[in-house]
Each structure stands twice: as structure tokens, then as C-alpha cells.
Amino acid sequence: MPAPPGRTGGPRAPGPRGPSALARVAVEDGPAFVAWVDCHDRAHRDASGTAESWLAEEWRARAGDDAAPVHSRLYRLGPAESPDAVAVAEYNDLDDPRLARAELFVDPARRRRGHGTALLAGLVEQVRALGRDTLMVRVLVIPGGEAARAALAFAGARGLTHTSTSVRRVWDLDPGALGALVARGRTRAVGYEVLTLDGPTPQALLAERARLAGLIAGSVPDAGAGAHEERWSSDRVRDLERHVATMGRRLVVALARERASGRLVGFSEVTVSRARPRTAYQWGTFVEPDHRGRGVAGSMKVAAARALVAVSPATTRIVTENDARNAPVIAMNEALGFRVSAENLVFVATL
């Protein structure tokens, strides 16, 4: 719930613009929504060095229904037709109703004017009003650059703790080499077969797919907001598949099955926009602990990439992001050819 007046230890008091300057942006708002997307794109491009971000139709799917158990809300600072800064906050009522995950972006032409301070302060008030007591903020930067140093100083001065860093890597796909990588994976992942799906999960595999999805949260390093379980069911998998379709994206999934038992022991997801298919994004990858270290994860990633290129030949690269402390996954990705492109600095504040 909202903190009592005068509480210390959380983010600092609002900046000169004040929290009242922050406004919700609805996806039905027409020009205001388009201006929000444009501001986000400019800031994202400047921060990451890439021109690609979420498309307007994807934001509509993510932020179009406040009643959805997992949904995003869009915020702007400044004029509706030309915001100074924008933010997005995701609220997950299924798995962690105390937490809000946010990203903040200031228009590159309007930095150093207090907009970031006001944006953060206004967002804190919005999050508190929704009964959340923890705010996680991710800031996208080029590794080791001035923006990274500025983000660390900005967050520290405003009471946010830098809890982790997730590193973004890009894999430039060579369709001709994927076949060799698949063959190499088979020599390592002996005793397993990899299935690939382009479309809804078959009913016979749905329960196992949901079981595995529920285990992934406990298998990655804690980003600083505390560990939590994810509640997955067959219905939630179907909801995810429908949500991806509403976003205008294709979802390709690789599933690893142990031959001896017939059980699924892992999955790897990769998704791409149908409207802008050049860059695909790695989503979840998970292998049950007893089956790790046998090449299963790498085999699934390669199989998913190969299946994706077969149905989306315009896709030439895959982007993944991993906690910088997750050494085994990073080593696997780098062996496949992923190279560092950007990083997200993760900050947490108790409100």
C-alpha cells in the first residue's frame, strides 16, 4: 500500500515537474498514443544503437486491457502530442502482485532538464496507488558508456539500488551453418529428441509444457525483488499463444523430450514480428536440473532457430538477454555465436 508521509529509504521526493505532470496514455488515444510510441522509439534507438523496438500493434496488445492478469500501462510526461519522457510499467497479478516492473525513456533531445527525475517520481506515485510496494526499473544502455555511468549515478541519488545487470546479445544467423550445429547438438544431447512447434501446443503436450513454464522463475538469478513462483496452467499457455498472435508475432517453440521416459524436460521459445521479421527475440529457455550439462539447451536453441528461419526466411538475427551472473547460459550463447550489443541495468526500490 502507499507509504506513509515522511517515510525514508525509498525513492527521493518528486522533482521540479512533480508527479501530477505524469499522465496515463491509453492505446485508444490516437495521436497521444502515436506520440508515445514515437518518443519511446527515439529513446530506445539512442540507448541501444538499434532502430528496432516494439511496434504500435504490440503495445496495443500489451497495454490494451487493465483487467488482464498480466498487463502494461503507458505513461507520459509533458504534452500529449510531444512528450518529454515516457514510461511503461508491467503489473503481474498472477505471480507477484506486490511488484511493478518499469522502463523509463527520456527523449534524447530533452535530457538534462529534470524530466527523468519527474518521470520516476510520478511513476512511484502511480505504482503506490495501485498497492504495489516494490518497483523494479530497467535502464537500457550501451555497456561501459557514459549513459551507463549516468544511469548508475541517477538511480543511486534517488534511492534506487542497483541489484543486477542483464546483458543483451545478438546472434547473426547463418542458415547454412544451422544444419551443422543441429548435427553437433545430437552428438552431445544423446538420449533426447527435440520437437519444434510453429503454432499452438498440441493438447497432448500442453500440461507438460505448462509444468516446465512454471519452473523457470526459480532457475534464474534473483534480480533483486525477491524470488517468486510462477503459476502456469494449460489455460495460461493458451492465453500466451493467443496474446502472441494478437501482437502480430510468430512463436516458435523447441521442446526436449527424454527418449527413455518420454517426458518433456525442457523448452526454448523464440518470437518474431510478422510485420518486421528481421530480428527475432529469445524468450524463455529452461532445462530441468537433472538434465543440464548434456547439451540439451543448446540443441533446443539451434532447433528453434532453424525452424524459425524455415518459416520466416527474412529473419537474420536473434536477440537474447541474460543475467550477467548466469555463467553457464552465457557460455552456451557465446559458443553459438551471440555477441554483446547492450545491457539493462536493473534497479529496485521499496516504496
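Against the definition (closer than 30 Å to Met300 by Cβ, in contact (Cβ under 8 Å) with a residue 40 or more places away in the chain and charged (D, E, K, R)), how does Asp107 come out, yes or no? Judged against the criteria, Asp107 is not a match.
Would you point out which residue out of Thr320, Thr271 is in contact with a helix residue (DSSP H, G or I) (Cβ under 9 Å, 6 or more places away or on another chain), in contact (Cβ under 8 Å) with a residue 24 or more places away in the chain and assigned by TED's automatic domain parsing to the domain that holds Arg186? First the steps, then the outcome.
Working: Thr320 fails: assigned by TED's automatic domain parsing to the domain that holds Arg186.
After applying the criteria, what remains is Thr271.
Looking across the range 337-350, the residues that are in contact with a helix residue (DSSP H, G or I) (Cβ under 9 Å, 6 or more places away or on another chain), under 25 Å from Val253 (Cβ atoms) and buried (at least 17 other Cβ atoms within 10 Å of the Cβ) come down to Phe338, Ser341. Count of the range 303-335 residues, restricted to those that are part of a helix (DSSP H, G or I), under 16 Å from Trp283 (Cβ atoms) and either of a type in the set (Gly, Ala, Ser) or in contact with a Leu (Cβ under 7 Å, 6 or more places away or on another chain) (or both), is 4. Counting only strands (runs of 3 or more DSSP E) that sit wholly inside the range 189-291, those with at least 2 residues that are at pLDDT 95 or above, surrounded by fewer than 19 Cβ atoms within 10 Å (Cβ to Cβ) and under 17 Å from the mean Cα position of the chain (by Cα) are 279-287. Taking the conditions (1) in a strand (DSSP E or B); (2) surrounded by 18 or more Cβ atoms within 10 Å (Cβ to Cβ) in turn, Thr163 satisfies each one other than (2).
With the checklist (1) in contact with a Phe, Trp or Tyr (Cβ under 9 Å, 6 or more places away or on another chain); (2) under 24 Å from Ala245 (Cα atoms); (3) buried (at least 21 other Cβ atoms within 10 Å of the Cβ); (4) small (Gly, Ala, Ser) in hand, flag the one item Ala26 doesn't pass. Failing condition for Ala26: (3).
The residues of the range 248-264 that are more than 17 Å from Val296 (Cβ to Cβ) and either out of contact with any strand residue (DSSP E or B) (no Cβ under 8 Å at 6 or more places or on another chain) or of a type in the set (D, E, K, R) (or both), listed by number, are Arg249, Arg250. Among residues of the range 238-252 that are closer than 14 Å to Gly284 by Cβ, those with a Cβ under 6 angstrom from a residue that is not in a strand (DSSP E or B), sequence gap 6+ or separate chain, pair up as Glu241/Pro200; Leu251/Val244; Val252/Ala304; Val252/Ala307; Val252/Leu308.
Condition check ((1) over 25 Å from Leu351 (Cα atoms); (2) of a type in the set (Gly, Ala, Ser); (3) surrounded by fewer than 18 Cβ atoms within 10 Å (Cβ to Cβ)) across all residues:
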residue: Ala121; (1), (2), (3): no, yes, no
residue: Glu146; (1), (2), (3): yes, no, yes
residue: Ala157; (1), (2), (3): no, yes, yes
residue: Trp171; (1), (2), (3): yes, no, no
residue: Ala183; (1), (2), (3): yes, yes, yes
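When you scan the range 197-215, do you find a residue that is of a type in the set (D, E, K, R) and over 29 Å from Arg242 (Cβ atoms), even just one? There is no residue in the range 197-215 that is of a type in the set (D, E, K, R) and over 29 Å from Arg242 (Cβ atoms).
The values are calculated or read from the model by the stated rules, or taken from the named source; none is laboratory data. In this text, all values refer to a predicted model and were calculated from it rather than measured experimentally. Neighbour counts run over all protein chains shown; Cβ positions are idealised from the backbone, glycine included.
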